[in-house]
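Here you go, one structure.
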Amino acid sequence: MAAKRVAICAVAQHKNDSDLWYKRFQGMLLDVLEDLQAQTGFDFDSETGVRSIVSCSDDFFDARTISNNGVTDVLGAQYRGEEKMAQEGLNAIGYAMAQILAGHEDLVLVMGHCKESQPESRELISNLGFDPFYGRALGLDCLNAAALQARAYMAKSGLTEDHLAEIVVRARQCAARNPYANCREIIEAGKVKGSPMLCDPIRQLHAYPVSDGAVGMLLASEERAKEFTDKPVWLTGFANCMDSFFFGDRDLTSNFALKGAAERAYKKAGIKDPKKTVNLVEVMDAYAYQQPMWMEGLGFCKDGQGAQFIDDAGLGKYKVNLSGGMLAGDPVIISGLYRAANAALQLRGEAGDMQVPDVKCAVAQSTNGPAGQFHSVLILEA
Amino acid sequence: MAEFYGTTVADIFNTMPKRFKPEEAKDEDIAIGYECKGEGKWKVTIKHGTIKVEEVKGDLKGCATTIHAADAETFIGTTLGKIQAMDALTTGKLRVVGDVKLLMTLLPKIFVQYTAPEKKSSVVAKDIISTITERFRPDKAAGVDMKVGYDLAGEGGGKWTIVIKDGKCAVKEGLAKDLTVKMTMPAEIYVGMMLGTISGESAFTSGQVKLDGDMMAAGATSRFFNKFVDPNAKASEAEELITIKVTNSINCRFATGTAYGMWFKGLKEKKFLANVCPKCGRTQITPREICAFCRVRCNEFVELGPRGTITAADVVYFASPDPLTGAVRETPYAMCWILLDNASPQEAFCFDIKREDLPKMKVGARVRPVWAKETKGTFTDLLYFELDK
Amino acid sequence: MKKQSAKPAKAHKKNRNVGIVGIGMTSLSSHKEDQNQPEMIHEAVRAALADAKMTLDDIDCIVHGNMELFEMQYQPDMWHVLGSGAYGKDEYRITTGGTVGATLVCAADNLVASGLYDTVLAIGFEKLQEGNTTGGITNMADPLWFRNIQTGALTGTTAAMMIDEFGAERAKKAAMKYRILMDKHAMLNERAHRRFGLEYDQAEDLMKTSPQLVGELRLIHMCSQSDGACAMIFTHEKKAKKVSKTPVWIRDHITVHREENMSNLYAFEKPEMTHHYAARKLFERNGIKDPVKYFDVFEMYDPSAWWGLDWSREFLQLKGDEHLRMLEDGEFDLDGKLPLNPSGGVIASNPIGATAMLRPAFAALQIRGDAGGCQIKKPVRHALASGFGGTLWTVLMMLEKDLDW
């Protein structure tokens, strides 16, 4: 309904690393904040500056009740509004958009962080995401939930171990051009196929590496964006969607939540056929099988045709994860922010060695919860 | 003696020696006094794994801690968990003079939780007999023709004949002459068997039930009736709810970063290192990456103290359990805010005060730090502050 | 680099008005073992839908919040979909600490006003019985240092400062009067959790004998620990007018956070209190000169009698002992100048993740005239509601009966 638009004026990423043992996440966020201020010159004046910050972090990963309390100062939130997206970070952008479209704010800072190296195991944490009576006792976590989905999806789509290796090899080739990616070493398919089996059929190199990172963005209303940038990236659609909880109640290969989110986001952005309109896609590929599967959910590939899509070089055609994606290493919780940041850089023509020409419209996708229970989709345009 | 929730105050004290766990109390040496208005006073002496419970007339003497309940209902209710102890303490219906913490720490450790005695069912044999016709299942008794006699001795007992014929059932007072089978037993055994608290098989084998006539017929009768359900028992069954207890713990390794790193390095050298805001001059203790007000990095460090002045003081009487270990600190202890010498007037430092100095501690008092013998750059390097005389 | 405009931004104008059209809450009690988490949430959701005469088909989006370490459930909205009604819908999980319930209302307001969603259901809840609350709050502190010192949310310094400012006798009496007033209000509110039936003549006795927690903060002054959930439904002006006879309008809200470290709250030089700053800014931009006169009810997040009393001065921009006099003169009573917490406040009921949502919920019920036994007799047109959390974080919001500001 609203004819108003919201722009990303600047993005800043902290380089992803497997173990930033020497740095508090407060320090990581401060680097990001200073980067954003250097790019745009915004301040926190109570009338003309940023009065609202949407942060993104997680109490379990930070090991603190109210994780945002520990970072209020380095978010610049002293005596300002701050609200934490306690979900995947792409939703922080969606909510920040709403604050601006509502007219309540005209500048919003989005800041997310996660240090996966801090807890002894991310799987111990995701086990606590299951119900305390059955799922936890059964030993479910996000990894073995993904393995169940991977097995089911491979059966449905014809995806093979060779396809998975091809996806990982391509991801690393892309990551080699992304200075912010965690694992930038180029590897051969044999190494992927020879890597240890984590949870059948997911091998170690099919899974994203443990990562520490932080991302920030400045969002502004259409009227104010020009104060901060000549190259605004317009946010024209956002939606998310929730599937049911128990695996027995879900069809793990149906992409129910992603299809719901994509359909609503496309509708808001006025996109009828994403295959024709969208030039670039960033998906949250925590595991290799998810690249083709999420591309199906987003409407770029026919249902159950994931293997064919890879064989037909669909990943190259739709410019999927030129950043190296999550497979090259960024933390959960804020992977969606990295996805959107990379899409925004491409739209601004600032993607460096990763840059491809003529990117006018991009999609960033993220997921949350076991085996893609929840998905979010953001449409960005130049 | 008043009864609440099926128990009396005396029941609770009488069962104390039985519920006592000597092994858990082997290091304890304490006398606890109890007063329950309208019921009496008790003194419980626990010494090196032994317990003595005595009723006291007159004053409670020689007790380190005394617990006072406004009435029997409060005392029994909180003991059984039917009344929230916190609510009773809040409204003053339950009072503790001395160490309140005992209620949460020592007592649950050294005593098995008191439970009300199994309430004897108020159901008597007559009640059960009176429900026989409504429990009758004609579909199961097709073609059956028999007379079963019950001779039940004792309270609630009597003599009855149950006539089953043509898919119908009737109960008659007294014993018929032509019984198929007669069962003779104490009425309470019959009730126990019907409620399932006594096994029928063992009652037969132990001879508590005497059979005259067709034994097979006696065995068959239960088929013809729906099970008797104690109407009083229903409520307590519904109260039985299910919870599971799990402790979740995930080990972490926290980075200190440069600001906190300097702080811990300072502690190792018995120094308080604060960082200074280059804009407003605030000395930040403990140090953090930026000054929140000025939003600038604070890279310069200065040494504060070691002495300082108390700006605010909290005496803690109720310590919450350590979230990681569950341990509860000894109370009372004091958390003080101390403006260290050389600090800017906006930032005080929070720490413990020596227990012995609690009575003399006040805002404006001067204090000095007391360090551990060996400092390692951890929280435990600093023991406490004491008054600087 | 571009230059940020030095001119103040244009007055913030809401894209479209947002009304509260449904309010539901579970019973609030210290035990809810008969329900698991999704079941408890669902009870509040059903109540809110029934109140709004809606079904889940009318809802576009769910907003969900609590503090996950209290129940030790990671990303609880995933499991809670079984009770939240979020299946197939958009859903956000936004949290801020004790303030979270109020934050959910702000978020729902933003989401509807933005035009991205027409009708939003917000759910705040906590099952405190499933975890250790004080331990959970202590977990909030910085793990490297302050976690070793802190005792949850308890502090006696406010009591000490008030005793210092107003003398021991007057301050202690006032704190007890505040406490008993809250209990008297709770006695009138059938939804409240703790209802003791305290009388003013017990004050003298209770202030001496109630167990001390920290300094002069005694058990009697402290809030309860409750289990419970609250759900509210928000929709845009056009639909609100269609579906509800008594929509309650959200006029404006402000969130004010501050750094985690509390060193600068207890030194000799103190900064402006967040509550005071929030109220000052909110009233300024809405042209409220005399809040005591303007508002007809104030539902304040009062974790203890001392804090409640002290903070009334900050929120209402009072000076000196004006807040004590208001209390002493009965101006905070149900028939006073500005009835304070007719619901009994947080002292009576405190399911943390829902607590700050119960404030606007109870305030909205007052505006609708649906507050039951604790309904204020004179008409309620303007309401103020606050949330509290973190290290003195605040959310303050204004609710209105009419769209006439």
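Given 37 °C and 0.692 mPa s, compute D for segment B:125-231 with the Stokes-Einstein relation, Rh being the Kirkwood radius over Cα pairs; round to the nearest whole µm²/s.
Working: Rh = 13.9 Å.
For these conditions, the coefficient is 237 µm²/s.
So, one more: Packing-wise, with mean Cβ within 10 Å as the measure, how do A:100-113, B:61-74, C:16-29 rank, highest first?
A:100-113, C:16-29, B:61-74
What net charge do the residues around A:Thr367 carry, taking every other residue with its C-beta under 12 Å from that of A:Thr367, with Lys and Arg at +1 and Asp and Glu at -1?
Taking every Cβ under 12 Å from that of A:Thr367, the sum is -2.
On to the next question. Using only Cα atoms, tell me the angle between helix B:257-268 and the longest principal axis of chain B; keep it within 0 to 90° and round to the nearest 10.
Here the helix axis deviates by roughly 80 degrees.
Then there's this: Considering every residue in A:363-373, what mean count of other chain Cβ atoms within 10 Å of its Cβ is obtained?
Average neighbour count from other chains, rounded to a whole number: 2.
In addition: Restricting to chain C, what percent of DSSP beta bridges are antiparallel, rounded to 5?
75 percent
If you take every DSSP beta bridge fully contained in segment B:125-231, what fraction is antiparallel? Give it as a percent rounded to 5. Could you put the intermediate results ahead of the total?
Details: 19 of 25 bridges.
Of those bridges, close to 75 percent are antiparallel.
Counting Lys and Arg as +1 and Asp and Glu as -1, each charge on the Cβ, what is the dipole of segment B:199-314 about the Cα centre in debye, to the nearest 20?
Taking the Cα centre of segment B:199-314 as origin, the dipole is about 1360 debye.
Further question: Please identify which residues in segment A:156-183 have an amide N closer than 20 Å to a label point set 7 Å out from the Cα of A:Asp200, following the Cα→Cβ vector.
A:156-165
Run through segment C:253-313 and list the trypsin sites (Lys or Arg not before Pro) located in a DSSP loop whose Cβ has at most 13 other Cβ atoms within 10 Å.
Listed in order of number, the matching sites are C:Lys289.
Right, next: Where in segment C:55-70 does accessible area fall by at least 40 Å² between the isolated chain and the complete protein assembly, at a 1.4 Å probe radius?
Hits at the 40 Å² cut-off: C:Glu68, C:Leu69.
Of the listed pairs C:Lys173/C:Lys208; C:Lys14/C:Lys89; B:Lys362/C:Lys319; A:Lys156/A:Lys276; B:Lys47/B:Lys109; B:Lys270/B:Lys373, which have alpha-carbon separations greater than 21 Å here?
Checking Cα-Cα distances, C:Lys14/C:Lys89; B:Lys362/C:Lys319; A:Lys156/A:Lys276 exceed 21 Å.
Check cross-link reach from B:Lys165 to the lysines: straight Cα distance under 24 Å, and skip same-chain residues fewer than eight apart.
Cross-link targets: B:Lys126, B:Lys140, B:Lys147, B:Lys177, B:Lys182, B:Lys227.
Please work out the average accessible area per residue across chain B, using the 1.4 Å probe convention, and give it in Å².
Averaged over the residues of chain B, the accessible area is 53 Å².
Distance check, please: which entries in C:Lys241/C:Lys377; B:Lys21/B:Lys41; C:Lys270/C:Lys378; B:Lys101/C:Lys32; C:Lys13/C:Lys238; A:Lys226/C:Lys241 exceed 29 angstrom between their Cα atoms? Walk me through the intermediate numbers first.
On the way: C:Lys241/C:Lys377 25 Å; B:Lys21/B:Lys41 23 Å; C:Lys270/C:Lys378 39 Å; B:Lys101/C:Lys32 26 Å; C:Lys13/C:Lys238 17 Å; A:Lys226/C:Lys241 38 Å.
Going by Cα-Cα distance, C:Lys270/C:Lys378; A:Lys226/C:Lys241 fall outside the 29 Å limit.
Let me ask something additional. So, with a 1.4 angstrom probe, what is the percent of accessible area on the protein assembly as shown that is carbon and sulfur?
Result for the protein assembly as shown: 51 percent of the exposed heavy-atom area is carbon or sulfur.
Using a 1.4 Å probe, how large is the accessible area of A:Asp31, given in Å² and rounded to the nearest 10?
Probe radius 1.4 Å; accessible area of A:Asp31 about 50 Å².
How big a patch of accessible area, both sides summed and in Å² to the nearest 100, lies buried between C and A at a 1.4 Å probe? Kindly include the intermediate steps, with their values, before the conclusion.
Numbers: alone 18010 and 15100 Å², together 26520 Å².
Heavy-atom accessible area buried at this interface is about 6600 Å².
About its Cα centre, what dipole magnitude does segment C:232-321 give when the only charges are +1 on Lys and Arg Cβ and -1 on Asp and Glu Cβ, stated in debye to the nearest 20?
780 debye
If the elastic network links every pair of Cα atoms under 10 Å, which of B:Ile12, B:Ile110, B:Ile244 fluctuates the most in the Gaussian network model of chain B?
In the Gaussian network model the winner is B:Ile244.
Further question: Suppose every K and R has +1 on its Cβ and every D and E has -1 on its Cβ; what is the size of the dipole of segment C:18-133 about the Cα centre, in Debye to the nearest 20?
140 debye
Averaged per residue, what accessible surface does chain A expose to a 1.4 Å probe, in Å²?
It amounts to 29 Å² per residue over chain A.
Just to confirm the filter: which trypsin sites (Lys or Arg not before Pro) across segment A:274-382 are DSSP coil and have at most 15 other Cβ within 10 angstrom of their Cβ?
Taking segment A:274-382 and a limit of 15 other Cβ atoms within 10 Å, the loop trypsin sites (Lys or Arg not before Pro) found are A:Lys302, A:Lys360.
From the backbone phi of segment B:200-205, what are the Karplus-calculated ³J(HN,Hα) couplings (6.51 cos²θ - 1.76 cosθ + 1.60, θ = phi - 60°) in whole Hz, Gly and Pro given as x?
Each residue of segment B:200-205 in turn: x, 4, 5, 5, 5, 5 Hz.
Tell me the label-point distance for the pair C:Ile149, B:Ala170, using the 7 Å Cα-to-Cβ offset, in nm and rounded to one decimal.
Inter-label distance under the simple model: 8.9 nm.
Kindly give the semi-axes, whole Å and largest first, of the ellipsoid equivalent to segment A:43-196, taking each as the square root of 5 times a Cα gyration tensor eigenvalue. Please list the in-between numbers first.
On the way: eigenvalues 267, 95, 50 Å².
In descending order the semi-axes read 37, 22, 16 Å.
How many Cβ atoms of partner chains, on average, are near each residue of C:194-200 if near means within 10 Å of its Cβ?
Other-chain Cβ atoms within 10 Å of each residue's Cβ, averaged: 2.
Could you work out, residue by residue across B:287-299, how many beta carbons of other chains sit within 10 Å of that residue's beta carbon, and then give the average as an integer?
Mean partner-chain Cβ count within 10 Å for B:287-299: 6.
Then there is this: Under Stokes-Einstein, with the Kirkwood radius over Cα pairs standing in for Rh, what whole-number D in µm²/s applies to the protein assembly as shown at 4 °C and 1.567 mPa s?
39 µm²/s
From the helices alone, meaning DSSP H stretches of at least four residues, give me the mean residue ellipticity at 222 nm for chain A, per-run term -39500 (n - 2.57), in deg cm²/dmol to the nearest 500.
Values: 15 runs with 132 residues, N = 382.
It comes out at -9500 deg cm²/dmol, rounded to the nearest 500.
Still on this model: Would you please state which residues of segment A:60-76 a label at B:Thr258 would reach in this model, taking the label point 7 Å out along Cα→Cβ and a backbone N cut-off of under 20 Å?
Label zone hits: A:71-76.
Can you tell me the length gained on complete extension of the stretch A:Lys302 to A:Lys231, counting 0.36 nm per residue apart and subtracting the Cα distance?
Going from the current span to full extension adds 22.1 nm.
If R0 is 51 Å, what FRET efficiency do you get for A:Asp19 and C:Ser5 from their C-beta distance, rounded to 0.05?
Efficiency computed from Cβ-Cβ geometry: 0.75.
Please identify which residues in segment B:242-277 have an amide N closer than 17 Å to a label point set 7 Å out from the Cα of A:Tyr134, following the Cα→Cβ vector.
Taking a point 7 Å out along Cα→Cβ of A:Tyr134, the residues of segment B:242-277 whose backbone N falls under 17 Å are B:242-244.
What order do B:Met216, A:Met295 take when sorted by accessible area (1.4 Å probe), most exposed first?
If we order B:Met216, A:Met295 from most to least accessible, we get B:Met216, A:Met295.
Between C:Asp329 and B:Val296, what is the spin-label point distance in nm, taking each point 7 Å from the Cα along the Cα→C-beta axis?
Result for the modelled spin labels: 4.7 nm.
Another one. Would you mind giving the total buried accessible surface between chains A and B, with a 1.4 Å probe and ligands, DNA and RNA left out, rounded to the nearest 100 Å²?
Numbers: alone 15100 and 23960 Å², together 36940 Å².
Chains A and B together bury approximately 2100 Å².
I need to check one value: relative contact order of segment B:3-110, counting alpha carbon pairs closer than 8 Å and at least 6 residues apart, in percent. List each step's numbers first, then the result.
On the way: 176 pairs, mean separation 28.3, N = 108.
Rounded, it is 26 percent for segment B:3-110.
Obtain the nm distance between the two label points defined at B:Lys47 and B:Lys376 by a simple spin-label model: each point lies 7 Å from its Cα along the Cα-to-C-beta direction.
Using points 7 Å along Cα→Cβ, the separation is 4.0 nm.
Ok, one more. If Lys and Arg each add +1 and Asp and Glu each add -1, what is the summed charge of the other residues whose beta carbon sits under 11 Å from the beta carbon of C:Glu269?
+1
Counting every Cα pair in segment A:232-364, what percent are over 19 Å apart?
On the way: 4383 of 8778 pairs.
The share of Cα pairs beyond 19 Å in segment A:232-364 comes to 50 percent.
While we're looking at this one, here's another question. Over 23 Å, how big is the tail of the calculated P(r) for segment B:3-110, in percent of all Cα pairs? Write out the running numbers ahead of the final one.
Numbers: 1255 of 5778 pairs.
Considering segment B:3-110, 22 percent of its Cα-Cα pairs are separated by more than 23 Å.
What is the extension gain from A:Asp353 to A:Glu123, computed as 0.36 nm multiplied by their sequence separation minus the C-alpha to C-alpha distance, in nm to one decimal?
Gain on stretching A:Asp353 to A:Glu123: 79.4 nm.
Please give the FRET efficiency for B:Val363 paired with B:Gln113, using the beta carbon to beta carbon distance and R0 = 35 Å, rounded to the nearest 0.05.
E between B:Val363 and B:Gln113, to the nearest 0.05, is 0.20.
Could you list the GluC sites (Glu not before Pro) in segment A:157-204 that lie in coil according to DSSP, counting only those with at most 13 other Cβ atoms within 10 Å of their Cβ? Mind dumping the intermediate values first?
On the way: sites: A:Glu161, A:Glu166, A:Glu185, A:Glu188; in loops: A:Glu185, A:Glu188.
Counting only loop positions with at most 13 other Cβ atoms within 10 Å, the GluC sites (Glu not before Pro) in segment A:157-204 are A:Glu185, A:Glu188.
OK, next. For a Förster distance of 35 Å, can you work out the FRET efficiency between the beta-carbons of B:Val56 and C:Glu204, rounded to the nearest 0.05?
Computed FRET efficiency for B:Val56 and C:Glu204 comes out at 0.75.
The values are calculated or read from the model by the stated rules, or taken from the named source; none is laboratory data. In this text the structure is predicted, and so the values were computed from the model without any measurement. Cβ coordinates were reconstructed from backbone atoms using ideal geometry, including for glycine residues, and neighbour counts include every protein chain displayed. These area figures cover heavy atoms from the full protein model, side chains too; ligands, DNA and RNA do not enter into them. Shrake-Rupley method; radii C 1.70, N 1.55, O 1.52, S 1.80 Å.
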